[in-house]
Amino acid sequence: MSARDVIANLRELADLTSTPNGAQRLAWGPVWREARHWFNGKLAVLGITPEIDAAGNSWATLRGASDRTVIIGSHLDSVPNGGWLDGALGVMAGYEALRMFNHQRPPLTIKVVDWADEEGARFGRSLLGSSAAAGALRIGEVEHLVDKDGTRLVDALRENGVELARMHESQAFLKAIDAAAYLELHIEQGPVLEAMNRPTGVVLGTFGVERHVLRFTGQAAHSGSTPIPMRRDAFLAAAESALAFRDIANRHTTPDARVVCTVGTVKVEPGIVTAVPGACEISLDQRALDAPVLASMLNDAREAASRAARNNNVSVEWRQVWRIEPRPFDPRLIELCAEAVREVTGEAPHLPSGPLHDAAEMVPHMPAVMMFAYSSNGLSHCKEEDTPEPYLEKSITAFLRLVEKTVHES
Ligand SMILES: [Zn+2]
């Protein structure tokens, strides 16, 4: 097995599908199709013709002695002006696993899946292909989607031989697989491994998310004539809340469990320099890997916002925007992954994933785990995205070792 070959393939794909601004493999478009066509050519060298399921996911199979299957997945699609490793790294590492076992019959069957439209960059729905296969996609939520040029999702899919109304049939395809494990190698897309100066990390799972909008309502008034104790300043209540939310996140962070929270938007009304803010809306996005911790963070945030509202004589209303349960990975695969990382790099840091990944959709269906590769400057979804080559080599080598271990021990 050779990490160098994987890197050479990644460079070849980047040359074929990037401009000076970065990767351009936008899902369902011509460059993405070209990337898949190129990948099919690589598979043909191994004598493998991939199957496409009803959601457009592409599955390459190497039959083993048993039908028990190790699935290796990621995605060839990218955001516009994206990086060369996001998604492609996992697919090309999967290809190397197929190559590694191609001349010997592996004890288990190996499938490499290139999930369709992981990024959601064109139509706004991430994990489209994997959520369809996992049974988590509701057609009603996506049938109206249109890209910025006015192309409907349903038409973009049809152009690629996928019928939106039949995407759920991909569930049967996934269910028919006797899956022993799902493995995914991905670039971290954040600064944690870099801060530790470790090439590779074991991913514990993907964060659960609680996303809400809070609206504080007070009374707009003239800023010159209203004494401060008599004001009902909605912005100050929001600001007090935001500071309290940060404290809540700090309080729930332990040495082995990091949580995050962000107030990312703020809207003040009437938004005039000479008016006391009568209303203020902020967003709150809380994330944690542990469901009870996430629930308790939300509870604390509700109390803190009520307290801030009382302090400022305003009211507060909550509106839930989105939520997803934490998706912790399989403990045995986490251990196997840690072994592989330790063998190659000496030390196996464990970290949660802030972003969602296709692996999260597999968690309810089979044991799953991910491995992260170091992100230079924590950057991703941009042309600067990179992993220094020696670290990239180590990450790929550790991942292929994880594949070997899983194939032999599952
Ligand atoms: Zn990705």
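The values are calculated or read from the model by the stated rules, or taken from the named source; none is laboratory data. All figures in this text were calculated on a predicted structure; none of them were measured in a lab. Don't worry about glycine lacking a Cβ; one is built from the backbone with ideal geometry, like all the others, and counts go over all protein chains shown.
Below, the figures for the structure above:
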read-out	value
Test: residue in the range 340-362 that is buried (at least 17 other Cβ atoms within 10 Å of the Cβ) and polar (S, T, N, Q)	yes
Filter result (within 16 Å of the ligand (Cβ to nearest atom), polar (S, T, N, Q) and either out of contact with any Lys or Arg (no Cβ under 7 Å at 6 or more places or on another chain) or outside any strand (DSSP E or B) (or both)) within the range 171-210	GLN189
So SER241, is it more than 30 Å from SER66 (Cβ to Cβ) and outside any helix (DSSP H, G or I)	no
Test for ARG342: is it farther than 30 Å from GLU210 by Cα, without any contact (Cβ under 8 Å) to a residue 24 or more places away in the chain and assigned by TED's automatic domain parsing to the domain that holds GLY22	yes
Any hit, the range 44-66, residues being part of a helix (DSSP H, G or I) and surrounded by fewer than 19 Cβ atoms within 10 Å (Cβ to Cβ)	yes
Hey, PRO80 within 26 Å of THR19 (Cα to Cα), more than 13 Å from the ligand (Cβ to nearest atom) and surrounded by fewer than 24 Cβ atoms within 10 Å (Cβ to Cβ) or not	yes
1 or more residues surrounded by 15 or more Cβ atoms within 10 Å (Cβ to Cβ) and small (Gly, Ala, Ser): qualifying helices (runs of 4 or more DSSP H) within the range 108-170	128-134, 153-159
Condition met for ALA304 (under 30 Å from ASN57 (Cα atoms) and surrounded by 15 or more Cβ atoms within 10 Å (Cβ to Cβ))	no
Within the range 262-313, tally of residues that are aliphatic (A, V, I, L, M), touching a residue at least 40 places away in the same chain (Cβ under 8 Å) and part of a helix (DSSP H, G or I)	10
For ARG25: the one exception among (1) outside any helix (DSSP H, G or I); (2) exposed (fewer than 13 other Cβ atoms within 10 Å of the Cβ); (3) not hydrophobic (A, V, I, L, M, F, W, C)	(2)
The one condition in (1) among the polar types (S, T, N, Q); (2) in contact with a strand residue (DSSP E or B) (Cβ under 7 Å, 6 or more places away or on another chain); (3) over 30 Å from PRO390 (Cβ atoms) that THR49 fails to fulfil	(2)
